[in-house]
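S.K.: Below is the structure I would like to discuss, written out as structure tokens.
The values are calculated or read from the model by the stated rules, or taken from the named source; none is laboratory data. This one's a predicted model, so the numbers in the text were calculated from it and none came from an experiment. Methodologically, a virtual Cβ is constructed for each residue, glycine included, from the backbone with ideal geometry; neighbour enumeration extends over all protein chains shown.
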Amino acid sequence: MIFIRAYLRASTKDQDANRAKQSLKDFVANFENKRIATFYIENITGTTIERPELMRLLEESGPGDILLIESMDRLTRLTAENWEELKRLLSDNKIMIVVVDMPSTHVHMSGSFDNRIMEIFNNMFLDLYAEFAYRDWERRKKVTRDGIEKAKQEGKYKGRIANQEKHQTLIRMFSEGKTAEKVSEATGYTLRHCYQLKAKYREEILSDK
């Protein structure tokens, strides 16, 4: 039996890796008698291959299983060398990659894909998208770094004021006895991040009560 294993990743604690969950369910619903067997969800950078949930997915997958992702940058922002390593791991386990925004990969959803020419094209496109994802990450990092440097030179860099303000909101709301769900709604942080910050600022929260 072929299992569809959905992988969801977000880069930071302030982003929600669960965001794409429903869109992946909706995508699979377009295919008869298909459903997602397991979700593998983690908040971690795509620039490292050392990802616990991704490694668990690889360990639990069998030949012909599908790794379902929303877009290639959810799976990889890896260097070319690390991407080759991840591809090898996927190939060794005979795992098929299906990317929602790459229609050519959708043929794997039929469970009877044996077109060698199409497979070659798909692999080529996956390599290109992986390269684009890595270059986009490099570009974003450079833009952020250049922007901070320019702001510093102009005396306009104030650090992470927005985060500081949200942290103060979090401390105040927890000290008032608000639930993590309410704090999450007010700050935009995930529930997991709210609990982490609650533990971090425990003394301040208690002192404000």
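S.K.: Keeping to segment 39-68, report how many residues are more than 21 Å from L191 (Cα to Cα) and among the β-branched types (V, I, T).
M.R.: Of the residues in segment 39-68, 4 are more than 21 Å from L191 (Cα to Cα) and among the β-branched types (V, I, T).
S.K.: Going by the conditions given, is E42 more than 30 Å from C194 (Cα to Cα) and acidic (D, E)?
M.R.: On the way: more than 30 Å from C194 (Cα to Cα): no; acidic (D, E): yes.
Answer is no for this residue.
S.K.: Within segment 94-108, can you find the residues that are without any contact (Cβ under 8 Å) to a residue 60 or more places away in the chain, over 11 Å from I2 (Cβ atoms) and in a loop (DSSP other than H, G, I, E, B)?
M.R.: If the condition is that a residue be without any contact (Cβ under 8 Å) to a residue 60 or more places away in the chain, over 11 Å from I2 (Cβ atoms) and in a loop (DSSP other than H, G, I, E, B), then D101, M102 are the ones that fit.
S.K.: If you scan segment 164-198, which residues turn out to be closer than 24 Å to I41 by Cα and modelled with pLDDT under 85?
M.R.: none
S.K.: Out of segment 89-118, which residues are more than 23 Å from K25 (Cβ to Cβ), modelled with pLDDT under 90 and among the hydrophobic types (A, V, I, L, M, F, W, C)?
M.R.: Result: I117, M118.
S.K.: Mind counting the residues in segment 46-70 that are under 30 Å from V183 (Cα atoms) and surrounded by fewer than 14 Cβ atoms within 10 Å (Cβ to Cβ)?
M.R.: Going through segment 46-70 one residue at a time, the tally reaches 1.
S.K.: Taking the conditions exactly as written (modelled with pLDDT of 90 or more, in a strand (DSSP E or B) and of a type outside the set (V, I, T)), does L86 satisfy them or not?
M.R.: Taking the combined requirement at face value, the residue does not satisfy it.
S.K.: Take the conditions in contact with a Phe, Trp or Tyr (Cβ under 9 Å, 6 or more places away or on another chain) and not assigned by TED's automatic domain parsing to the domain that holds R192 and apply them to E42. Does it pass?
M.R.: It is true that E42 is in contact with a Phe, Trp or Tyr (Cβ under 9 Å, 6 or more places away or on another chain) and not assigned by TED's automatic domain parsing to the domain that holds R192.
S.K.: If I ask for residues that are assigned to a helix (DSSP H, G or I) and at pLDDT 90 or above, which ones from segment 31-74 would you list?
M.R.: Residues satisfying the conditions are P52, E53, L54, M55, R56, L57, L58, E59, E60.
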